[in-house]
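Inspection log for the structure reproduced underneath, given as structure tokens.
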Amino acid sequence: MLIIFAPMAAGKMTVAQELAKIADFKVFHNHHIIDLVTEYFAFGTAPYKKLVKIIRSSILEEAAKNKVNLICTYVWALDRPSDKEENDHYKAIVESQGGEVYYVELAADLKVRLERNKTENRLKHKEKRSISETEATMLEWEKKYVMNTKGDFFYPERYMKIDNTNLAPEVVARMIKDKFGF
């Protein structure tokens, strides 16, 4: 499994889509679950968190058992212990089935991310909230959480960080494929 993590609108899903074109992966972006669960329960509520974890855990377990390579995208608040615990849980699921977890951190300037928030591909695949609403969330989370490392990632052995501010998604996908040999 490959986890691509970054702040909102950094290009996680787009890079995952490009990597899936050149490597044996299926894209499992964060909004596959978020959009499903928020149809019934508000984002961040206890029922929302419970269902997201159950659904994601079940899909990861079945994918690992059946040797389906997934690219998962994730907004990771690196300073929140609960986010680390959640990722430890998902890592343990994959490893319990003999799989390995790789991590790619994307970093892009806020100005670029605000523009990417409006792209056709993002709007096509993400929840149908307004652009102004997602922009407000981006700005709030930018102040509230640590969303990129300073070279101090938890699992350095299968990890790379890419500043994709000025890189095309195809180039980033090729860099990931070359680094890890996918």
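Read the figures in this text as sums done on the coordinates, not as results from a lab. If you're wondering where the values come from, they're calculated on a predicted model, not measured in any experiment. Methodologically, a virtual Cβ is constructed for each residue, glycine included, from the backbone with ideal geometry; neighbour enumeration extends over all protein chains shown.
If I model a spin label as a point 7 Å beyond the Cα along the Cα-Cβ vector, how far apart are those points for Y40 and N166 in nm?
4.7 nm
Dipole size in debye (nearest 20) for segment 2-176 around its Cα centre, Lys and Arg Cβ +1, Asp and Glu Cβ -1?
On the way: 27 positive and 26 negative charges, 54 e Å.
Charge dipole, segment 2-176, about its Cα centre: 260 debye, nearest 20.
Which order results if V172, V112, V104 are arranged by neighbouring Cβ count within 10 Å, fewest first?
Arranged by neighbour count, lowest to highest, V172, V112, V104 become V112, V172, V104.
Say each of V68 and L110 gets a label point 7 Å from the Cα, pointing the same way as Cα to Cβ; how far apart are those two points in nm?
The modelled label-to-label distance comes out at 3.8 nm.
For the chain, what does the helix formula give at 222 nm: sum of -39500 (n - 2.57) over DSSP H segments with n ≥ 4, over the residue count, nearest 500 deg cm²/dmol? All intermediate terms of the calculation are to be shown ahead of the outcome.
Values: 8 runs with 93 residues, N = 182.
The helix-only estimate for the chain comes to -15500 deg cm²/dmol at 222 nm.
Students often check this: by mean Cβ neighbours within 10 Å, which of 142-153, 61-72 ranks highest, and how do the rest follow? Display every interim value, and only then the final one.
Working: 142-153: 12.8, 61-72: 16.8.
Sorting 142-153, 61-72 by mean packing, highest first, produces 61-72, 142-153.
Can you tell me how much longer the chain between I54 and E100 gets when fully stretched, taken as 0.36 nm per residue apart minus their C-alpha distance, in nm with one decimal? Write down the numbers at each step before the final one.
Details: separation 46, 0.36 × 46 = 16.56 nm, distance 2.05 nm.
Length difference between fully extended and current span is 14.5 nm.
Can you give the relative contact order of segment 2-176 as a percent, counting alpha carbon pairs under 8 Å and 6+ residues apart? Show your work: numbers first, answer last.
Details: 224 pairs, mean separation 65.8, N = 175.
Dividing the mean separation by the residue count of segment 2-176 yields 38 percent.
Quote to one decimal, in nm, the extra length available between K26 and A136 on full extension: 0.36 nm per residue of separation minus the C-alpha distance between them. Intermediate results must be reported in sequence, preceding the final value.
Numbers: separation 110, 0.36 × 110 = 39.60 nm, distance 3.04 nm.
In short, 36.6 nm is gained.
Taking the chain as a Gaussian network, where each spring joins two C-alpha atoms under 10 Å apart, which residue of E105, E135, E115 fluctuates the most?
Highest fluctuation among the options: E115.
Under 20 Å between alpha carbons, and skipping anything fewer than 8 positions from K50 in its own chain: which aspartates and glutamates qualify?
D35, E39, E61, E62, D83, E85, E86, D88, E127
Of the labelled options (1) 18; (2) 15; (3) 48, which one gives percent of Cα pairs over 29 Å apart as computed for this structure?
Matching the structure shown: (2).
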